[in-house]
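First the structure, in the form of structure tokens, and then the observations on it.
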Amino acid sequence: MYNQIFVAQSPGAVAMLDTEMRYIAASQKWISDYGLMGKEIIGRSHYEIFPEIGDDWKQIHRECLAGAINQNSDAYFLREDGSEQWLAWDVRPWVGADGQIGGLIMYTEDITVRKLVEKQLQMSEAQFRGAFEASATGIAIVSLEGKWVKVNPAICNILGYSEEELIL
């Protein structure tokens, strides 16, 4: 009972499941992160709630129900509705008063926004690098101390020095 209250009131996305992968408890953050507001999930199968879960995940669950702890800091999921989600997660068994594994505790963190920002940054860097290298205008990046950090081919042609000679 106290475990259920603890999970339900946890500030993180946490779910507690039994050995049959049925929900015993879920935090409000879990409900929110997975768009489950207004849905009754307690007593229902995790695989019914998330039918897109593949055999790879089911194998992880079986391993954890046998005592393993499994973690991932960068997992991609394609949801049944076509939406994409990136998660960091931790799945581990919980043990009952009798000393037997009673099910799983799942903790997840939605890192989708961070992954999208990283992707945009990578694209921006690639665009800058392409424009820098292909520009007909001489471009150089210079440190605060006045040292040349990076030069493009155009500045090398204009000055008559190689990149290696300019960046010492």
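Is the range 10-20 home to any residue that is in a helix (DSSP H, G or I), open to solvent by less than 40 Å² (accessible area, probe 1.4 Å) and farther than 17 Å from residue 111 by Cβ? No; the residues of the range 10-20 include none that is in a helix (DSSP H, G or I), open to solvent by less than 40 Å² (accessible area, probe 1.4 Å) and farther than 17 Å from residue 111 by Cβ. Pairing residues of the range 27-44 that are modelled with pLDDT under 90 with residues that are in a strand (DSSP E or B) and not basic (Lys, Arg), at Cβ distances under 6 Å and at least 6 apart in sequence or on separate chains, gives 33/13; 33/110.
For the range 102-155, a residue qualifies if it is within 33 Å of the chain's Cα centre (by Cα), of a type in the set (A, V, I, L, M) and surrounded by 13 or more Cβ atoms within 10 Å (Cβ to Cβ), and the qualifying residues are 104, 105, 106, 111. Within the range 77-95, being surrounded by 11 or more Cβ atoms within 10 Å (Cβ to Cβ), closer than 19 Å to residue 29 by Cα and either among the charged types (D, E, K, R) or modelled with pLDDT under 95 (or both) holds for 77, 79, 84, 85, 86, 87, 88, 89, 90, 92. Exactly one residue out of 104, 144, 121 is aliphatic (A, V, I, L, M) and more than 30 Å from residue 163 (Cα to Cα), and it is 104. Among residues of the range 58-71 being aliphatic (A, V, I, L, M) and part of a helix (DSSP H, G or I), the one that is surrounded by the fewest Cβ atoms within 10 Å (Cβ to Cβ) is 60.
The values are calculated or read from the model by the stated rules, or taken from the named source; none is laboratory data. Given the structure is predicted, the values throughout are model-derived calculations rather than measurements. We place every Cβ from the backbone using ideal geometry, glycine too, and count neighbours over all the protein chains shown. Calculation scope for accessible area: heavy atoms of the full protein, side chains included, ligands and nucleic acids excluded. Shrake-Rupley method; radii C 1.70, N 1.55, O 1.52, S 1.80 Å.
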